[in-house]
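The values are calculated or read from the model by the stated rules, or taken from the named source; none is laboratory data. These numbers come from a predicted model, not from an experiment. Neighbour counts run over all protein chains shown; Cβ positions are idealised from the backbone, glycine included. What goes into the accessible areas is simple: the full protein's heavy atoms, side chains included, and nothing from ligands, DNA or RNA. Shrake-Rupley method; radii C 1.70, N 1.55, O 1.52, S 1.80 Å.
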Amino acid sequence: MTIRAVFWDIGGVLLTNGWDREQRAEVVARFGLDAEDFAERHKLAVPELERGRMSLAEYLDQTIFHTGRAFTPQDFRAAMEAESQPQAETLAFARDLGQRHRMYSLNNEGRDLNEYRIRTYRLDEFLLAFFTSCYLGLLKPNPAMYRLALDLAHVRPEEAVMVDDRPQNAEAARSVGMHAVRYENTAQLRAELAALGVE
């Protein structure tokens with residue numbers, strides 16, 4: 001068995017999460033928003049955002065700027081983007097692996113934030129393509145998203161490994177026949193990938 005492709009989650013692995021629960025709570029509190037109202041509005045809008053059927057501007061209109069604010073959409077967007085930080089050690093490890101292995105993203109993210117993160121952290125220097133929910137119209141852990149990514153990368157499930165920090169997403173990868181490593185830290189990831197011949 002030879003691994004021919006490595007698929008990476010981005011948030012929580014290569015970078016911090018982009019707009020997950022902790023990031024939302026931090027930014028919402030900083031801007032003095034009603035957390036309960038925002039949470040309800042976010043819950044309805046985020047599936048459309050992450051499937052690429054709603055822009056970030058439209059999402060912000062529905063969740064934040066449905067009423068007058070003392071700050072601008074640009075202010076809020078900048079605060080969202082600032083939540084994205086590198087997981088420096090893992091990012092360096094992935095860059096190194098990318099010199100020897102075919103690698104792709106397989107992640108859930110809205111288009112605007114995804115493209116900001118790719119550009120800011122130069123992820124396209126070592127990831128060959130981005131199989132992101134906003135482009136595929138599917139969300140992990142839907143097994144169909146993994147199967148589509150495998151088809152687009154032209155690899156069989158047993159030739160691929162998924163790196164993800166969420167147990168349910170790793171389980172979904174295994175359910176379609178992929179190998180999966182649930183990311184905890186760089187040393188653990190390095191050891192588990194090496195055991196699969198990825199080093």
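Given a 1.4 Å probe and the protein chains as shown, Tyr59 ends up with an accessible area of around 0 Å². All distinct Cα pairs of region 1-60 go into the 1/r average, and the inverse of that average, the Kirkwood radius, is 13.6 Å. A straight line joining the Cα centroids of region 56-77 and region 85-104 runs 34 Å. For the chain, the longest principal axis of the alpha carbon atoms and the long axis of helix 143-153 meet at an angle near 60°. Normalised per residue, the accessible area of the chain is 48 Å², obtained with a 1.4 Å probe and no contribution from ligands, DNA or RNA.
Taking N as the number of residues in region 93-199, what is its Cα Rg relative to 2.2 N^0.38 Å? Dividing the Cα Rg of region 93-199 by 2.2 N^0.38 Å gives 1.02.
Computed over the chain with a Gaussian network model linking Cα atoms closer than 10 Å, the most mobile of Thr16, Thr72, Thr90 is Thr72. Note on region 20-157: with neighbouring protein chains present and a 1.4 Å probe, carbon and sulfur make up 49 percent of its accessible heavy-atom surface.
Between the beta carbons of Glu26 and Arg174, assuming R0 = 35 Å, the FRET efficiency works out to 0.60 to the nearest 0.05. Inter-part distance, region 128-165 to region 4-41, computed on C-alpha centroids, equals 21 Å. Find the relative contact order for the chain and round it to a whole percent, using C-alpha pairs within less than 8 Å whose residues are 6+ positions apart. Result for the chain is 30 percent. Protection proxy ranking of 167-178, 118-129, by the mean of other Cβ atoms within 10 Å over each peptide's residues and highest first, is 167-178, 118-129.
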